[in-house]
Amino acid sequence: MKYVVGVDIGATKTKVGLFTLDCSLVYVDAFTTPKEGDGSLIPQVIVSKVREISSKIRGEVTAVGIGTIGPLDIRRGDVVRTPNVGQASFKLKVPIEKALGVKTYVVNDCVAAVWGEYLVGAGRGSSNVVYITISTGIGGGAVVDDHLILGKDGNAHEVGHIVLDYSGRFKCGCGGVGHWEGIASGANIPKTASLLSKEWGGSKSEAFWKALKGLLTPELLFSYWASGDAFAGYLVDFLAEVNAAGIASAINVYDPEVVTIGGSIALRNPEFFKLIERKIVKYTINRVPRVLLTPLGDDAVLVGAAMVAINTPPNLVKLQSDVSDYL
């Protein structure tokens, strides 16, 4: 029997899954994404996990699809200057392909996810689909007129770095100012909370004091919000506006039939998602599409990575067909 491997490399966690060619998940393993060491560690751990998983089956792994945090050098299949892990740049395609001896394709994690949504998820039957993750970082992927958007370097999806604020108050991990991710991602919510607490003129609540010290994590924020904390309510509403403006910007650019939202912050806080959803219409010029939480859940990137290996987009095949220059 033939299988493919899907890999989801996140800033916090990496998952490796074994799939049949009809995209049924057979086995999955997860580990903490290495934060230290040189750039060779991440591909080494992935290769080890693939070999471990492969030893459990009778069959052949025919290809590997990887959805990873970016930015990317799409032709080489490398991650370059990512703001979200310690080793900012690391190779993926070449070392994994050499070690395993099977074709390996590398795309951004949200590009993988949107390909999965388009083929087997909420976008099935639609020609224009957008996927957005609201998690440790913020990113997106788009299929337009049945064509997976990649860009010259594979970074046409970087919606998290849309500029939504010009005040200079919000610094993104990439070094930019005013980026959507720099304001509303899980990694940056504590900084945003701290900044806004200094501007807050309301009552001094538990959430306020946590924020003032830079200790208001997303988990604490939504817990305080559920309990009716006034500052938490103010901050959640602010973040909902930012996310609505960001999603609307993607709608205005890509004009999709459906937008699916994933990532831990959205998936674990459905009431927050509903608040965002109500605000989107204020910022759109295009007809508002269906906007929903991804039915693929936490496995959206993993499933999409497998679909990249099973049904590889033609433009990706062209870009990553020959890496001999980099061996």
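All of the numbers you see were taken from the coordinates with simple rules; none came from a lab. Everything numeric here is computed off the predicted structure, so don't read it as measured data. No Cβ is skipped: glycine too gets one built from the backbone with ideal geometry, and neighbour counts run over all protein chains shown.
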> Of GLY141, MET1, SER89, whose Cα points farthest to the positive end of the dipole of the chain (charges on the beta-carbon: +1 Lys, Arg; -1 Asp, Glu; origin at the Cα centre)?
Replying inline: SER89
> Among TYR131, ASN269, LEU215, which residue has its Cα positioned farthest towards the positive end of the charge dipole of the stretch 124-295, with +1 placed on the Cβ of Lys and Arg, -1 on the Cβ of Asp and Glu, and the dipole taken about the Cα centre?
Replying inline: LEU215
>> Just to confirm the filter: which trypsin sites (Lys or Arg not before Pro) across the stretch 29-137 are DSSP coil and have at most 14 other Cβ within 10 angstrom of their Cβ?
In response: LYS35, LYS56, ARG58, ARG81, ARG124
>> Which residue fluctuates most in the GNM of the chain (Cα springs below 10 Å): ALA248, ALA226, ALA305?
In response: ALA226
> Which distance in nm do the two modelled labels at VAL102 and LYS13 give, with both placed 7 Å along the Cα-to-Cβ direction?
Replying inline: 2.3 nm
> Along the positive direction of the dipole of the chain (beta-carbon charges: Lys, Arg +1; Asp, Glu -1; about the Cα centre), which of THR260, THR284, ILE74 reaches farthest?
Replying inline: ILE74
> At ASP237 and VAL80, where each label point lies 7 Å from the Cα along Cα→Cβ, what is the point-to-point distance in nanometres?
Replying inline: 4.4 nm
> Given only helices, namely DSSP H runs of n ≥ 4 each adding -39500 (n - 2.57), what is the per-residue ellipticity at 222 nm of the chain, to the nearest 500 deg cm²/dmol?
Replying inline: -11000 deg cm²/dmol
> For ASP255 and SER40 in one chain, what is 0.36 nm times their gap in residues minus the Cα-Cα distance, to one decimal in nm?
Replying inline: 73.5 nm
> What is the order of HIS161, HIS147, HIS179, fewest Cβ neighbours within 10 Å to most?
Replying inline: HIS147, HIS161, HIS179
>> Report, in listed order, any pair from LYS2/LYS93; LYS35/LYS318; LYS2/LYS98; LYS15/LYS35 with a Cα-Cα distance greater than 25 Å.
In response: LYS35/LYS318
> Assigning unit charges at the beta carbon (Lys, Arg +1; Asp, Glu -1) and nothing else, what dipole magnitude in debye, to the nearest 20, does the stretch 124-295 show about its Cα centre?
Replying inline: 360 debye
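Considering only lysines 8 or more places apart in sequence, or on different chains, count the pairs in the stretch 124-295 whose C-alpha atoms sit under 17 Å apart. Mind showing how you got there, number by number?
Details: LYS171/LYS191; LYS171/LYS198; LYS191/LYS210; LYS191/LYS213; LYS198/LYS210; LYS198/LYS213; LYS204/LYS213; LYS274/LYS282.
Lysine pairs satisfying the spacing and distance rule in the stretch 124-295 number 8.
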> What ranking do CYS23, CYS110 get, fewest neighbouring Cβ atoms within 10 angstrom at the top?
Replying inline: CYS23, CYS110
> Contour minus end-to-end for ALA30 and LYS56, with contour as 0.36 nm per residue of separation and end-to-end as the Cα-Cα distance?
Replying inline: 7.8 nm
